[in-house]
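*Asks:* Quick one: the structure is below, questions incoming.
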Amino acid sequence: MSLKSELTLDVIDTHTEGEPTRIIFWNDIPKNLPDALSVRNYFIQHYDYIRTTLLQEPRGHKDQFGAVLLPPVNPGSNYTVIYPTTDSYLDMCGHATIGVSTALVALGYVEYEGSEKVITYDTVAGTVKARVRVENGEPVSVSIVDVKSYFVKKISIDIEGKSIPVNISYGGNFYAIVESDSLGIGVEPANIGKLLEYGKIIREKSKQTIREMYRDSKKNLEPLAMITDSRHDYRAVVTFAGNSFDRSPCGTGTAARAALLVHDGKLDVNGQYTNESIIGSRFTCRIISSEKVNGNIIIVPEITGRAWITQLCKIIVNPEDPLKHGFLVQ
């Protein structure tokens, strides 16, 4: 039997507290690009079909997530990492960075001594450091020092004829945060259809505010929606483009929520809290520093979670396959 292939891709799959990450290395990129944004733009221009091939059907699904590891752009960094979704790209992703760091240590891509390894990544959102804790030669948890995170603005939007309070906050991506009580629904797996529906409305009606406030920003100004559940201690679900939702507690969402909690006086600037996902998995968030700028408190959060390698595989792209670069039905 012959196996036709115009492209093969070696893939590492992980899950971080339930949320998948499909990881590849990609070195075919010009040297001396100035920053991670330029790297991502080049990848999108020349290789966006890699994203759809890896993440969309038939090899993936609408909730699949990815991480592409490229050469670093800054001295002292180990990798540049970009974060593709089935729909687009995020500026930063905590769960994926935890998955990547776990895989790099577990599979021997980075050397370490003792009980931890620090890996530094260039991301579009900024420099991110991951501290991998190792026991008996195996990674057991990863702590991500995220970019500076801050509360942005309180607004109101209309949903089904009702005024809904929204808190916009930043943690590496922008988030529109809404309490579930105002929507009359709990953050439970049985409600995911309605939560996705509300999440789409929240994102669509919040993005104009962000675009107006950051007209000259190079950041991704498309917000993710976080619906928090006051009936549980810090439970929340994050939804994003492509009608997808995060099974993990969401790393950058955990950071954005911490910034909101500090702004509202519900979390001390030296404090920590545990964010819980819709499936009950958890991230711990610890604030490691803070500063006040124009009356607003800006924090640097550290998010800790766990990830596991689920498979190592080779993606094969047959030139005669009419669906070789992926598709989505949703």
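The values are calculated or read from the model by the stated rules, or taken from the named source; none is laboratory data. These numbers come from a predicted model, not from an experiment. A quick note on method: Cβ atoms are made from the backbone with ideal geometry, for glycine too, and the neighbour counts reach across all protein chains shown.
*Asks:* If we keep just the residues of the range 10-28 that are among the β-branched types (Val, Ile, Thr) and within 13 Å of the chain's Cα centre (by Cα), which is surrounded by the fewest Cβ atoms within 10 Å (Cβ to Cβ)?
*Replies:* THR21
*Asks:* How many residues are in a strand (DSSP E or B) and either touching a Gly at 6+ places or on another chain (Cβ under 6 Å) or without any contact (Cβ under 8 Å) to a residue 24 or more places away in the chain (or both) if we restrict to the range 132-153?
*Replies:* Total satisfying the criteria: 4.
*Asks:* Okay, next question. Residue by residue through the range 179-213, note down the ones that are surrounded by fewer than 19 Cβ atoms within 10 Å (Cβ to Cβ), in contact with a Pro (Cβ under 9 Å, 6 or more places away or on another chain), without any contact (Cβ under 8 Å) to a residue 40 or more places away in the chain and charged (D, E, K, R).
*Replies:* Once the filter is applied, which keeps residues that are surrounded by fewer than 19 Cβ atoms within 10 Å (Cβ to Cβ), in contact with a Pro (Cβ under 9 Å, 6 or more places away or on another chain), without any contact (Cβ under 8 Å) to a residue 40 or more places away in the chain and charged (D, E, K, R), the range 179-213 yields only LYS207.
*Asks:* Is it the case that ALA176 is of a type in the set (Gly, Ala, Ser) and either under 30 Å from SER101 (Cβ atoms) or surrounded by 24 or more Cβ atoms within 10 Å (Cβ to Cβ) (or both)?
*Replies:* Yes; evaluated as a whole, the condition is true for this residue.
*Asks:* Taking only the range 111-124 into account, find how many residues are surrounded by 15 or more Cβ atoms within 10 Å (Cβ to Cβ) and part of a loop (DSSP other than H, G, I, E, B).
*Replies:* Within the range 111-124, residues that are surrounded by 15 or more Cβ atoms within 10 Å (Cβ to Cβ) and part of a loop (DSSP other than H, G, I, E, B) number 2.
*Asks:* Please name all residue pairs, on different chains or six or more residues apart, with Cβ atoms under 7 Å, provided the first residue is in the range 11-26 and is touching a residue at least 24 places away in the same chain (Cβ under 8 Å) and not assigned by TED's automatic domain parsing to the domain that holds ARG51 and the second residue is surrounded by fewer than 24 Cβ atoms within 10 Å (Cβ to Cβ) and in a strand (DSSP E or B).
*Replies:* none
*Asks:* Hey, another quick one. Kindly evaluate LEU33 against the criterion of being modelled with pLDDT of 95 or more, surrounded by 17 or more Cβ atoms within 10 Å (Cβ to Cβ) and farther than 20 Å from LYS314 by Cα.
*Replies:* So LEU33 passes the test.
*Asks:* If you scan the range 231-254, which residues turn out to be among the hydrophobic types (A, V, I, L, M, F, W, C) and in a strand (DSSP E or B)?
*Replies:* ALA236, VAL237, VAL238, PHE240, PHE245
*Asks:* Looking only at the range 125-147, how many residues end up being surrounded by 12 or more Cβ atoms within 10 Å (Cβ to Cβ) and over 15 Å from the mean Cα position of the chain (by Cα)?
*Replies:* 7
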